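Data block below; observations after.
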Amino acid sequence: MGRLSTCRITILFAAMLCSSKSLFASDQSAWLEMASQTQDQQPHWASMLGVASTGLTQGFRYHYTTQYFGNGSQVRNFGSNKGLELILSENFQIQVGVPAYIEKDTPKSASSGWGDEAVLGKYRFFSENEENGNYVVSGSLGLSLPTGSPGFTSRSTIYTPILAAGKGWGTRQREIAVQSLVSFSIPDHNVSGTGIPVTWNTGLQARIFRHFWPEFEVNYTRWKHGPYDGKSQLLMTYGVVFDYRIMEREKISLGLGYQEPKGTSPTALGREWISMMKIAF
C-alpha cells in the first residue's frame, strides 16, 4: 500500500469520528444512554490483559509492561499504545491510542523514545448478553502510523485486520468466558525489514468472586518475511483483573499478569510483567 492509500485510510478514520452524531450530540446524556444500551446487548466480561475485548468498550486504558530477554536486555513500555475508547454508534467503536514511551536497556547501551501512533475501528457483527446467548462476534481494523522516535518507529504504516469472537457460560454474577482473536499486520512498505506477523490470541477468564477475574491467555505468532521469516513463538499469560463499579456507570479495572515463552525458542518477544488500568464510563 502506498502513501496515498495511507492518507485515505487516515481520512476515513477522521471522517467516522467527525460524522458521528452520537459523540457530538448536543445532549450528552443521550450519547451515554446509547452507549449503555448497546453494551447491555453484549456480555459483561472484564477487560483482559493481553486479549483485546471482542465487544464494544468505552473508557480510557493504560498499560505498563517490563519485558526481559535472554541476553540481559530489558524493555519498559509506558502505555502500550492503549488510550481512549469511544462507542460512536450502536455497533461501532474507535480507539485512539496514546503513543507508548519506551525505555530499552542492553548490556552495552540504553535508549528511549516514543513509539508509533495507533488507531483502531471496531464493528460488532453479532452479540447477545448473558440472558440471551452470551456471545459476541466483531471485526476491527487497526492502523499504526510511523510517528515514533528514531529507533522506536517501524518507519511504515501498518494495517492490522482482526476477526474476534467470544462465548460465555453462566450468569453476570458467576461465569466463565473464552475470547479469541486472529490478526495479521501488513506494512505499506519495507516488508523485508518489518515482516508480516500472523497472530492468534485466546484467553480464558472466570468470575469466581464478585470483583475478581482470574485469567489464562495463549498468544501464538508466526512471522512471514522479514528478519523472523518462518519462525514462530508461543506465549502464555497468567493474570488476574480486579473489576469494580465506582459510580452508577463508571467502573475501574486493575490487572496484573506474567507472560512467558513456552515450547518455542524466543524470537521477538521475551518474559514480561504486565499491569493494566482502565476507567470505563
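Return the FRET efficiency for the residue pair Met247, Leu163: r is the Cβ-Cβ distance, R0 is 41 Å, and the value is rounded to the nearest 0.05.
Numbers: r = 34 Å, r/R0 = 0.83.
So the FRET efficiency works out to roughly 0.75.
Debye sum, Cα scatterers, the chain, no solvent: what log₁₀ I/I(0) at q = 0.07, 0.09, 0.14 1/Å?
For the requested q values the scattering log ratios are -0.26, -0.43, -1.09.
List, in order, the whole-Hz ³J(HN,Hα) value for each residue of segment 82-88 obtained from phi through the Karplus relation with A = 6.51, B = -1.76, C = 1.60 and θ = phi - 60°; use x for Gly and Pro.
Once rounded to whole Hz, the list reads 7, x, 8, 10, 9, 8, 9.
Which lysines does Lys231 reach when only Cα atoms under 17 Å apart count, and residues fewer than 8 places away in its own chain are ignored?
Within the straight-line cut-off, Lys231 pairs with Lys262.
For Trp114 and Ile186, compute 0.36 nm times the residue count separating them, minus their Cα-Cα distance, and round to one decimal in nm. Don't jump to the answer; show the numbers that get you there.
Numbers: separation 72, 0.36 × 72 = 25.92 nm, distance 2.12 nm.
Residue separation times 0.36 nm, minus the Cα-Cα distance, leaves 23.8 nm.
How far is helix 3-18 tilted off the main Cα axis of the chain, in degrees rounded to 10, range 0 to 90?
On a 0 to 90 degree scale, this one is about 20.
For Gln173 and Tyr258 in one chain, what is 0.36 nm times their gap in residues minus the Cα-Cα distance, to one decimal in nm?
Values: separation 85, 0.36 × 85 = 30.60 nm, distance 2.62 nm.
Stretched fully, the Gln173-Tyr258 segment lengthens by 28.0 nm.
Neighbouring Cβ atoms within 10 Å as the yardstick, rank Val218, Val191 fewest first. Display every interim value, and only then the final one.
Numbers: Val218 17, Val191 14.
Placing the least packed residue first, the sequence is Val191, Val218.
Check the straight Cα-Cα distances from Lys122 and name the aspartates and glutamates below 19 Å, setting aside those fewer than 8 residues away within the same chain.
Cα-Cα hits under 19 Å: Asp40, Glu85, Glu90.
Could you state the angle between the C-alpha long axis of helix 28-39 and the longest principal axis of the C-alpha atoms of the chain, as a value from 0 to 90 degrees rounded to the nearest 10?
That works out to roughly 80 degrees.
Each residue of segment 215-220 in turn: what ³J(HN,Hα) in whole Hz from Karplus with 6.51, -1.76, 1.60 and θ = phi - 60°, glycine and Pro shown as x?
Residue by residue, segment 215-220 yields 8, 9, 10, 10, 10, 10 Hz.
What are the ³J(HN,Hα) values, in whole Hz, obtained from phi via the Karplus relation 6.51 cos²θ - 1.76 cosθ + 1.60 with θ = phi - 60°, for each residue of segment 180-194 in sequence order, with x given for Gly and Pro?
Rounded to whole hertz, the list is 9, 9, 10, 8, 9, 10, 10, x, 6, 6, 6, 4, 5, x, 9.
Which aspartates and glutamates, on any chain, are close to Lys104 with Cα under 20 Å apart, when same-chain ones fewer than 8 places away are left out?
Excluding near neighbours in sequence, the set is Asp116, Glu117, Glu260, Glu272.
Laboratory data are not the source of any read-out in this text; all were calculated from the coordinates shown. Since the model is a prediction, treat every value here as computed from it, not as a measurement. As a convention, Cβ positions derive from the backbone with ideal geometry for all residues, glycine included, and neighbour counts pool all protein chains shown.
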